[in-house]
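Worksheet: one structure, shown below.
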Amino acid sequence: MHKHAYLITAHHQFTLLCRLIKMIDDERNDIYIHIDKKAKN
């Protein structure tokens, strides 16, 4: 079984980020998210 890793850097548009995560969420994927320290939410 092949696995994929996703590294996502975010600092705004968190609604879009949630949508993206739902689309790639799978047991074969590892998802890593870095939220910028300057993010306001």
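The values are calculated or read from the model by the stated rules, or taken from the named source; none is laboratory data. As the structure is a computational prediction, the values presented were derived from the model and not from experiment. Positions of Cβ are generated from backbone atoms using ideal geometry, with glycine treated the same way; all protein chains shown enter the neighbour counts. Just the protein is used for accessible areas: all its heavy atoms, side chains included, with ligands, DNA and RNA removed. Shrake-Rupley method; radii C 1.70, N 1.55, O 1.52, S 1.80 Å.
Counting only protein heavy atoms and using a 1.4 Å probe, what share of the accessible area of the chain belongs to carbon plus sulfur, as a whole percent? Don't skip to the end; give the middle numbers.
Details: 2120 of 3960 Å².
After summing per-atom areas, the C and S share lands at 54 percent.
DSSP loop trypsin sites (Lys or Arg not before Pro) in the chain with at most 13 other Cβ atoms within 10 Å of their Cβ, which ones?
Answer in residue order: Lys3, Arg28, Lys37, Lys38, Lys40.
Give the residue from His4, Asn29, Thr15 lying farthest towards the positive end of the charge dipole for the chain; charges sit on Cβ (+1 for Lys and Arg, -1 for Asp and Glu) and the dipole is referred to the Cα centre.
Thr15
Grab the Cα-Cα distance for Ile8 and Tyr32, subtract it from 0.36 nm times how many residues apart they are, and report the gain in nm with one decimal. Show your work: numbers first, answer last.
On the way: separation 24, 0.36 × 24 = 8.64 nm, distance 0.62 nm.
Answer, rounded to one decimal: 8.0 nm.
Dipole of the chain, Cα-centred, from +1 at each Lys and Arg C-beta and -1 at each Asp and Glu C-beta, to the nearest 20 debye?
Values: 7 positive and 5 negative charges, 48 e Å.
So the magnitude is around 220 debye.
Would you pull out the residues with amide H under 5 Å of Ile31's amide H, same chain only if 5 or more places away, H placed 1.01 Å from N?
Here Tyr6 satisfy the definition.
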